[in-house]
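Everything below concerns the one structure shown next.
Values in this text are rule-based calculations from the coordinates and carry no lab data. A quick note: this is a predicted structure, and the numbers were derived from the prediction, not measured. Glycine also receives a Cβ, built like all others from the backbone with ideal geometry; neighbour counts cover every protein chain displayed.
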Amino acid sequence: MNYRIIPVTAFSQNCSLIWCEQTKLAALVDPGGDAEKIKQDVADSGVTLMQILLTHGHLDHVGAAAELAKHYGVPIIGPEKEDEFWLQGLPAQSRMFGLDECLTLTPDRWLNEGERVNVGNVTLQVLHCPGHTPGHIVFFDDQSRLLISGDVIFKGGVGRSDFPRGDHGQLIQSIKQKLLPLGDDVTFIPGHGPMSTLGYERLHNPFLQDEMPVW
């Protein structure tokens, strides 16, 4: 699987354009804003966009999804239905951050743990990883050992859990029980910041150690 990271919005959110090398069929993961910039990157990559995938319902990850879905005539898939309240609350999220109003959004298909999404000849596994939001999912390509982790885990950090229905303990459990077992060699694209590997984070991420460090 090939990928191109497109930083968007004032939050420097990592929108990912992913595609199958053989078929050039593609998907956008978490198009949070800057629709024109994303359109240009899709055109420059020479791929055919088939779907938009969402890891969770926060504005900085879904802000341009409806506009792009309409432009390309493609479905919006994900997240898990527990995040429906976030997608229905997009206008309020817009006001909270002082941004242009983003209308409510209902995906064409919700996703659940264990489902699979095909991007050309690439098969993405869906893992439900609640904690940052209750319906947060991640996408894993076992063949290329690449994980798109949304806001579950970052290089040296983890997602915030102080939002409505966030749960820090559940977030850490999601990482330790769902993500780390995928293998130390797995590279991940986080929702914000640089890429890392699960092996590096298992050893060095302070939030994943048995005892928190004393600063």
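Quick check on my link table: of Lys39/Lys155; Lys81/Lys155; Lys81/Lys178; Lys155/Lys176; Lys37/Lys155, which ones sit more than 21 Å apart, alpha carbon to alpha carbon?
Lys39/Lys155; Lys81/Lys155; Lys37/Lys155
Starting from the Cα gyration tensor of the stretch 128-215, take the square roots of the eigenvalues, sort them a ≥ b ≥ c, and report rounded, prolate or oblate (rounded when a/c is under 1.5, otherwise prolate if a/b is larger than b/c, else oblate).
oblate
Relative contact order (percent) for the stretch 68-182, with alpha-carbon contacts under 8 angstrom and 6 or more residues of separation?
That works out to 20 percent.
Under 5 Å between amide H atoms, partner at least 5 residues away or on a different chain: which partners does Cys129 have, H built in plane at 1.01 Å?
His136, Ile137, Val138
Regarding the stretch 6-49, what are the three Cα extents along the principal axes, ordered largest first, in Å?
34, 15, 10
Per-residue HN-Hα couplings for the stretch 201-209, Karplus 6.51 cos²θ - 1.76 cosθ + 1.60 at θ = phi - 60°, whole Hz, x for Gly and Pro?
5, 4, 8, 10, 5, x, 7, 10, 8
Contact order normalised by length for the stretch 1-147, with contacts defined as Cα pairs under 8 Å and 6 or more residues apart; what percent is it?
Normalised by residue count, the contact order of the stretch 1-147 is 20 percent.
How do the peptides 129-142, 108-121 rank, highest first, by the average count of neighbouring beta carbon atoms within 10 Å per residue?
Going by the mean number of other Cβ atoms within 10 Å, highest first, we get 129-142, 108-121.
Which ³J(HN,Hα) values, rounded to whole Hz and listed in residue order, are derived for the stretch 47-61 from phi using the Karplus coefficients 6.51, -1.76 and 1.60 in 6.51 cos²θ - 1.76 cosθ + 1.60 with θ = phi - 60°, glycine and proline given as x?
10, 10, 6, 10, 6, 10, 10, 10, 7, 6, x, 6, 3, 6, 10
Taking the Cβ of Trp19 as the center, what net charge do the other residues with Cβ under 13 Å away carry, scoring Lys and Arg +1 and Asp and Glu -1?
-2
Quick one: what are the phi-derived ³J(HN,Hα) couplings along the stretch 109-125, Karplus 6.51/-1.76/1.60 with θ = phi - 60°, whole Hz, x for glycine and proline?
Values, residue by residue: 7, 7, 10, 10, 3, x, 6, 10, 10, 9, 10, x, 8, 8, 10, 9, 7 Hz.
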